[in-house]
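Student: Can you keep this structure in mind? I'll have questions shortly.
The values are calculated or read from the model by the stated rules, or taken from the named source; none is laboratory data. If you're wondering where the values come from, they're calculated on a predicted model, not measured in any experiment. As a convention, Cβ positions derive from the backbone with ideal geometry for all residues, glycine included, and neighbour counts pool all protein chains shown. Quick note on the areas: whole protein, heavy atoms, side chains included, nothing else; ligands and nucleic acids left out. Shrake-Rupley method; radii C 1.70, N 1.55, O 1.52, S 1.80 Å.
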Amino acid sequence: MAGRVIRIEPRLETTRLASVSASVGGLVLALLIGAALLRAAGADPLAAYGAILREAFGTPSDWAAGRFYGLSDTIVRATPILLTGLGVLLGFKMRLWNIGAEGQLFMGAWAATGIALFVLSKDTPKPLMLTTMALAGMLAGGLWALIPGVLKAWLGVNEIITTLMLNYVAFQWISFFVVAGPWSERGFQLSPQFPESAWLPRLTDYAPQVPAFAGLTAHLGFVFGLVAAAALWLILYRSRWGYEIRVIGDNPQAARYAGMNLARNILLVMFISGALSGLAGMSEVAGVVHRLQDRFSPGYGFSGIIAAWLAKLNPWAILLTAILFGGLLVGAKQLQPAGIAFMLQGVILFVVIGAEMLTHYRLVIARHQTVPGGLGAPAKLEATPTDPPTRGEG
């Protein structure tokens, strides 16, 4: 007896064009699916997408008049997505699946708040204050990520589980301090406001030195993201350590045979990954809210994971994907039903992952033949020929 079966086979070669096309095509398909969902919810998809673009980036008339309020808001939202995305990107390059960027962001914000309110005085010069806050935020985020790093390197514990669970520990840690806790301001779910020396400057303040910043009220944290993207690119593609990271990610056994220290690299990569997410937390509390609040993040760490994956783990491409998701958060806040931005993010992730799979694997239809002999007889699979037989074949 014969039948047809479908199996998945890895492709022998994947071109860069196919990979980029999968991302772009997946994004377009995700927007089409989002449009269908918006229509099902009773909204006009074209009007909704148009409103998102206007709210997130402004209009040409706004730009001509020097008004960049929408773009500034988008950059503010994109900054923590960019920094957390860069953090998880480094881990993903080594097949370390750090899903704890959100918790690491919270811990970085907590440490920066402690410096601003309880360690340094309000008269501390702004450069010293901000530098100390940034270092404290990076140290806290890095140490928080180092916990699953140690468990992975020394005990082989799955980092997906540990990083994910530590998110909830970080949430409760922040809640303890600011929800009627020792840092709560008169019982409200927030800390006292930072002194002005702990506020990140706005980009427009640097317009005399960088004319492109004129009119941008976004804070300096976005520049942190640009510097981090450049540094990661240099590390990954212009340094020996970056080469080790990529080799370990591609083939851990070959890396171990070549003498590369896997445990040390796991610890370093996890620490830096968490440090970048901690810097995102510092930039959020110092540049936006100027205080620590309970659940101040709407999920920037999780959005950073999606942005990194959509960017194909490219430190420069993540600049665009972070701005895309920042624009979604800004533009969709006025639309109904609520949650459109997160719905679109989820659809984009689902479709892009599916498209990514198709660039590395292919579906093969095979002929399934059962050898006579009753139950337990061996089965034989013959791939369906797709090319005409060569001369001499019959």
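Student: At 7 Å along the Cα-to-beta-carbon direction for both LEU46 and ALA254, put a label point, then send me their distance in nm to one decimal.
Tutor: Output for this residue pair reads 5.1 nm.
Student: So, by mean Cβ neighbours within 10 angstrom, what's the order for 252-261, 95-104 with the highest one leading?
Tutor: Those peptides, ordered most packed to least, come out 95-104, 252-261.
Student: For the range 118-213, just the Cα atoms, rotate onto the principal axes and tell me the three extents in Å, largest first.
Tutor: So the extents along the principal axes, rounded to whole Å, are 52, 39, 23.
Student: On a full-extension model of 0.36 nm per residue, what is the gain between LEU155 and LEU37, subtracting their alpha-carbon distance, rounded to one decimal in nm? Walk me through the numbers before you get to the answer.
Tutor: On the way: separation 118, 0.36 × 118 = 42.48 nm, distance 4.46 nm.
That works out to 38.0 nm of additional length.
Student: Set Lys and Arg Cβ to +1 and Asp and Glu Cβ to -1, take the dipole of the range 58-165 about its Cα centre, and tell me which of LEU146, SER61, GLY156 lies farthest positive.
Tutor: After comparing all options, I get GLY156.
Student: Relative to the longest principal axis of the C-alpha atoms of the chain, give the angle of the C-alpha long axis of helix 262-284, reported between 0 and 90° and rounded to the nearest 10°.
Tutor: Taking Cα atoms only, the helix is inclined about 50 degrees.
Student: Place the peptides 54-67, 106-119 in order of packing, highest mean first, counting for every residue the other Cβ atoms within 10 Å and averaging per peptide.
Tutor: Descending packing order for the listed peptides: 106-119, 54-67.
Student: Helix 45-57 versus the longest principal axis of the chain: what angle, 0 to 90°, nearest 10, using Cα atoms?
Tutor: With rounding to tens, the tilt is 40 degrees.
Student: Right, another one. At 1.4 Å probe size, with no ligands or nucleic acids counted, give the accessible surface of TYR49 in Å², nearest ten.
Tutor: In the full protein context, TYR49 sits at about 50 Å².
Student: Leaving out ligands, DNA and RNA, what percent of the accessible area of the chain is carbon and sulfur, probe 1.4 Å?
Tutor: C and S atoms contribute 66 percent here.
Student: Using Cα centres only, tell me the gap between the range 242-284 and the range 159-188 in whole Å.
Tutor: That distance is 27 Å.
Student: Now, a different point. Charges at C-beta only: +1 for Lys and Arg, -1 for Asp and Glu. How large is the resulting dipole of the range 243-345 about its Cα centre, in Debye rounded to 20? Mind dumping the intermediate values first?
Tutor: Working: 7 positive and 4 negative charges, 6 e Å.
The dipole of the range 243-345 has a size of about 20 debye.
Student: By its C-alpha gyration tensor, with a ≥ b ≥ c as the square roots of the eigenvalues, how is the range 1-140 shaped: rounded for a/c under 1.5, else prolate for a/b larger than b/c, else oblate?
Tutor: It comes out oblate by the Cα gyration axes.
Student: Read through the labelled values [x] 23.3; [y] 26.2; [z] 21.9 and report the label of the one computed as Kirkwood radius over Cα pairs in Å from the structure.
Tutor: Only one option fits the structure, namely [x].
Student: Could you point to the residue in LEU279, PRO211, ILE33 farthest towards the positive end of the chain's charge dipole, with +1 and -1 charges on the Cβ of Lys/Arg and Asp/Glu respectively?
Tutor: Farthest towards the positive end: ILE33.
Student: Still on this structure, please answer the following. Test of understanding: what is the full-extension gain from TRP233 to ALA212, defined as 0.36 nm times their sequence separation minus their Cα-Cα distance?
Tutor: 5.2 nm
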